[in-house]
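The values are calculated or read from the model by the stated rules, or taken from the named source; none is laboratory data. Small disclaimer: the values here were computed from a predicted structure and weren't measured. Positions of Cβ are backbone-derived with ideal geometry, glycine not excepted, and every protein chain shown enters the neighbour counts.
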Amino acid sequence: MAKKIRKAVFPAAGLGTRFLPATKASPKEMLPLVDKPLIQYAVEESVASGISSVLIITGRDKTAIENHFDISFEMESLLKKKGKDDLLDEVRQISNLARISYTRQKEALGLGHAILQAEDYVGDEPFAALLADDVVDAEIPALRQMIDVYERFDAPVIATMQVEGEAISRFGVIDAEEVEPNVYKINDMVEKPPFAEAPSDLAIIGRYIFTPDIFDAIKETKPGAGGEIQITDAMRILMQKRPFYAVKLQGRRHDAGDKLGFLIATVEYALKRDDLGPEFREYLESLSF
Ligand code: UTP
């Protein structure tokens, strides 16, 4: 039987160059979709999927993330004094959401290198890794969909989504065979292939379930583009040694680490809100330029 997944790792030490200048001194993971930072959506997804032991891998300028998940005495006493009980509950809930540990990636040497910083925390267990800038709006939480596949196949699982046409060239793409509806056994993967050479229309997105042997594979991985240790390269090494699966996620994924993706996600999340949606929709419909 597959070992239970109890831990989730959140790499949040990237430089966020695609979102400058907002990310010059504050982490991309703290950008809010409507009123909640990206990292909170991701931690909530993990908790909703049954995992509440969390490691956030931070870099420079990431204290805002730690403060966000901590108790804010000043804010709580102010809200209490003003009788704003709903907001007080909401603020308190954030610090009770999960058991969160932190570690630093001292240099942004790539996602593979970031995940390697989780080795001591994870130990000899399978674990999940979530990239908070990939937001997945789904009825069944994205990570839960993946855990279900992991438990059936007892093997690492990565998340994919279908991408039509030329846009596939912006992603890592899997070469795989479908073994049951929406579940694929991966043969290989390529990073950003030209459209004509893409082995499928299934793009890799930022959710992974790894077994602890990924750490040895990362250590074997040579730095690739930009001197970074890429997780895709480490997965390709491990794939020679053990089966690897992918799931086609049911839901809508947004790349909130990209300016346009972030704007689209903001509009969609705002329109879904009971308190803001109707008025915001009216405003959008009234725009005439
Ligand atoms: P991205 O590929 O989005 O890179 O990282 P980035 O540096 O954050 O952003 P851009 O592309 O320069 O705008 C994917 C995920 O991996 C983490 C990021 O924080 C993000 O969650 N990451 C990346 C690290 O933790 N460390 C790294 O060295 C690189």
key: Per-region count, the stretch 127-144, residues crowded, with 17+ Cβ neighbours inside 10 Å and in a helix (DSSP H, G or I)   = 2
query = Looking only at residues in the stretch 90-123 that are in contact with a strand residue (DSSP E or B) (Cβ under 8 Å, 6 or more places away or on another chain) and of a type in the set (S, T, N, Q), which one is surrounded by the most Cβ atoms within 10 Å (Cβ to Cβ)?
reply = GLN105
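Residues checked against (1) touching a His at 6+ places or on another chain (Cβ under 6 Å); (2) of a type in the set (Val, Ile, Thr); (3) within 23 Å of GLY206 (Cα to Cα):
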| position | (1), (2), (3) |
| --- | --- |
| ASP85 | no, no, no |
| VAL91 | no, yes, no |
| ASN96 | no, no, no |
| LEU116 | no, no, yes |
| GLU119 | no, no, yes |
| GLU125 | no, no, yes |
| ALA132 | no, no, yes |
key: Single residue of SER95, SER101, SER77 found to be in a strand (DSSP E or B) and not aliphatic (A, V, I, L, M)   = SER101
inquiry  = Looking at THR211 and the list (1) within 16 Å of the ligand (Cβ to nearest atom); (2) farther than 19 Å from VAL136 by Cβ; (3) at pLDDT 95 or above, which single condition is not satisfied?
reply    = (1)
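Hey, among ILE174, ILE147, which residue is outside any strand (DSSP E or B) and more than 16 Å from the ligand (Cβ to nearest atom)?
On the way: ILE174 fails: outside any strand (DSSP E or B).
Step by step, each of ILE174, ILE147 is checked, and only ILE147 is outside any strand (DSSP E or B) and more than 16 Å from the ligand (Cβ to nearest atom).
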remark   = Per the filter on the stretch 2-43, residues at pLDDT below 95 and at positive phi are GLY16
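I want to confirm something. Restricting to the stretch 157-206 and keeping residues that are of a type in the set (Gly, Ala, Ser) and within 20 Å of ALA129 (Cβ to Cβ), which single residue is nearest to the chain's Cα centre (by Cα)? Before you say what the answer is, go through the steps one by one.
First, pick out the residues of the stretch 157-206 that are of a type in the set (Gly, Ala, Ser): 159, 165, 167, 169, 172, 176, 196, 198, 200, 203, 206.
Checking the rest, the ones that are also within 20 Å of ALA129 (Cβ to Cβ) come to 159, 172, 176, 203, 206.
Values: ALA159: 10, GLY172: 15, ALA176: 22, ALA203: 14, GLY206: 5 Å.
Selected residue: GLY206.
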